[in-house]
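Trainee: One structure, pasted below without further comment.
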Amino acid sequence: MLKVIICVFLVFNSSVIFAMGTPPKAPEVVAPKVEFVKSIGHPGSGDGQFFSPSDVYVPTFGDISTSLGDIFVADTGNNRIQRIDKDGFFVYQFGNFGEEEGKFNEPISLTIDFNYQIYVMDSENNRIQKFGIKGDYLDELGAFGTENGQFSDATGITIDKLGRIYVADTDNDRIQKFKDDGTFLEAFGGFGWGEGFFEEPKDVAVDIDGNMYIADTGNHRVQILDEYGKPIQVFGEKGKTEGNFNSPQGIAVDDRFIYVADSGNNRVQIFDKNGRFLVGFGKKGIGKGEFNSPMGICIGEENRIYIADTNNHRIQIFKVTL
């Protein structure tokens, strides 16, 4: 529930006088424009094909081993990770079904750190697996359970500027935070409807200031917490109108906007950093710019939005301009 607090400040000095009872003018909200760029992939299990891809990640940094604009996809139904170049051509893949090291059971989210290491949320195996940029297995953390450092059908994963790992531990209704070496730091939340509590959160993003943005899926809203877990803002409720959600499952943030994959409404909504609705796009369908249960979302270079259009078995790319 949004709470609106109207504060009237009367400032008196030699040059400026505000008339009593005149409300302050709200800052202008500039809605960005969204343009479809292209779609990548189609249903299948071959190279460059997808089956229910749940997440996508595009590094905004690059070296000889990871070119800017390369696309990493959690190809969930095929139990693998695929790397696609910026032109849409297959580069390589790794993983297959199983419980052993380097294998997956529903890899549902991924992220890449500044050392070009790939972290995969291996959801049904209740663990995070860590790989080198070429897909060579390095390490893992987690197990099934409710204790610190354990997971229950965890879905979302992200890394902050210091390399700390954040996990949307979905069925445990919490966000967990780890050091880059996997050491547990703290957990936030628990089941509930009040601020700072969650119902099956599916994704988490972190901005440059350490604020956490959570797709509070079962509560049909977005919550913003500061770096210590204190609630800052809550916005949205269940609905189809602008600014409301139906089971949002993906979230991303940059220095300007909050991007939400409003999965049940088959659209993406963009908000300013205060949670004010700016623009939405998409509807259910198979055409350009249409979706079928979009899940993962990320922001790449040149203000491009990459969306895992999960049940259409493809990745869609859009460009944002002001």
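Trainee: Using a/c under 1.5 as the rounded threshold, could you call the chain rounded, prolate or oblate? The axes a ≥ b ≥ c are square roots of the C-alpha gyration tensor eigenvalues, and prolate needs a/b larger than b/c, oblate otherwise.
Mentor: Prolate, since a/c reaches 1.5 and a/b exceeds b/c.
Trainee: Taking 0.36 nm per intervening residue step and subtracting the Cα-Cα distance, what contour gain separates Glu301 from Trp193 on full extension?
Mentor: Extra length available between Glu301 and Trp193 comes to 35.3 nm.
Trainee: Let me ask something additional. From the protein chains alone at 1.4 Å, what is the descending order of accessible area for Val120, Val91, largest first?
Mentor: Sorted by accessible area, descending: Val91, Val120.
Trainee: So what is the accessible area of the chain per residue, in Å², with the probe set to 1.4 Å?
Mentor: Here the residues of the chain average 46 Å² of exposed surface.
Trainee: Just list whichever of Lys134/Lys202; Lys179/Lys238; Lys33/Lys240; Lys38/Lys134 have alpha carbons separated by over 31 Å in the model shown.
Mentor: Cα-Cα > 31 Å for Lys179/Lys238; rest within.
Trainee: Restricting the count to DSSP beta bridges whose residues both fall in the chain, what percent are antiparallel, rounded to a multiple of 5?
Mentor: 95 percent
Trainee: Also, I was wondering about something else. With a Förster radius of 51 Å, plug the Cβ-Cβ distance of Val279 and Asp85 into 1/(1 + (r/R0)^6) and report the FRET value to the nearest 0.05.
Mentor: The computed FRET efficiency comes out at 0.95.
Trainee: Once amide H atoms are built 1.01 Å from N in the peptide plane, which residues 5 or more positions from Phe151, or in another chain, come under 5 Å H to H?
Mentor: Ala143, Phe144, Gly145
Trainee: If you average the sequence gap of Cα pairs under 8 Å that are 6 or more apart and divide by the length of the chain, what percent do you get for the contact order?
Mentor: In percent, rounded to a whole number, it is 15.
Trainee: Report the extension gain between Thr241 and His42 in nm, rounded to one decimal, defined as 0.36 nm multiplied by the number of residues separating them, less their alpha carbon distance.
Mentor: Taking 0.36 nm per residue and subtracting the Cα distance, the gain is 68.6 nm.
Trainee: Leaving ligands, DNA and RNA out of it, work out the accessible area of Ser39 with a 1.4 Å probe and give it in Å² to the nearest 10.
Mentor: Answer for Ser39: close to 50 Å² accessible.
Trainee: Next up: Based on Cβ point charges of +1 for Lys and Arg and -1 for Asp and Glu, what charge dipole magnitude is obtained for the chain about its Cα centre, in debye rounded to the nearest 20?
Mentor: So the dipole magnitude of the chain works out to roughly 1300 debye.
Trainee: Taking all protein chains together and a probe of 1.4 Å, list Tyr228, Tyr137 from the most accessible to the least accessible.
Mentor: Putting Tyr228, Tyr137 in descending order of accessible area: Tyr228, Tyr137.
Trainee: Sticking with this structure for a sec: Once you've got the Cα coordinates, tell me which of Lys161/Lys273; Lys86/Lys273; Lys103/Lys288; Lys230/Lys283 are over 25 Å apart.
Mentor: Lys86/Lys273; Lys103/Lys288; Lys230/Lys283
Trainee: Here's another thing I want to ask about it. In square angstrom, rounded to the nearest 10, how much accessible surface does Ile112 have for a 1.4 Å probe?
Mentor: So the heavy atoms of Ile112 present about 10 Å² to solvent.
Trainee: In whole percent, how big is the carbon plus sulfur part of the accessible area of the range 124-242, probe 1.4 Å, protein atoms only?
Mentor: Taking all protein chains in place, the range 124-242 shows 45 percent carbon and sulfur surface.
Trainee: Compute the Cα gyration tensor for the range 191-308, then decide on rounded, prolate or oblate, letting a ≥ b ≥ c be the square roots of its eigenvalues: rounded whenever a/c is under 1.5, prolate when a/b is larger than b/c in the other cases, and oblate in all that remain.
Mentor: oblate
Trainee: Does the range 51-120 come out rounded, prolate or oblate by the C-alpha gyration tensor, with a ≥ b ≥ c the root eigenvalues, rounded set by a/c under 1.5 and, if not, prolate when a/b is larger than b/c and oblate if not?
Mentor: prolate
The values are calculated or read from the model by the stated rules, or taken from the named source; none is laboratory data. Just so it is clear, the structure is predicted and the values come from calculations on it, not from any experiment. With ideal geometry, Cβ positions are generated from the backbone for all residues, glycine too; neighbour counts draw on all protein chains shown. Side chains included, ligands, DNA and RNA excluded: accessible areas come from the protein's heavy atoms. Shrake-Rupley method; radii C 1.70, N 1.55, O 1.52, S 1.80 Å.
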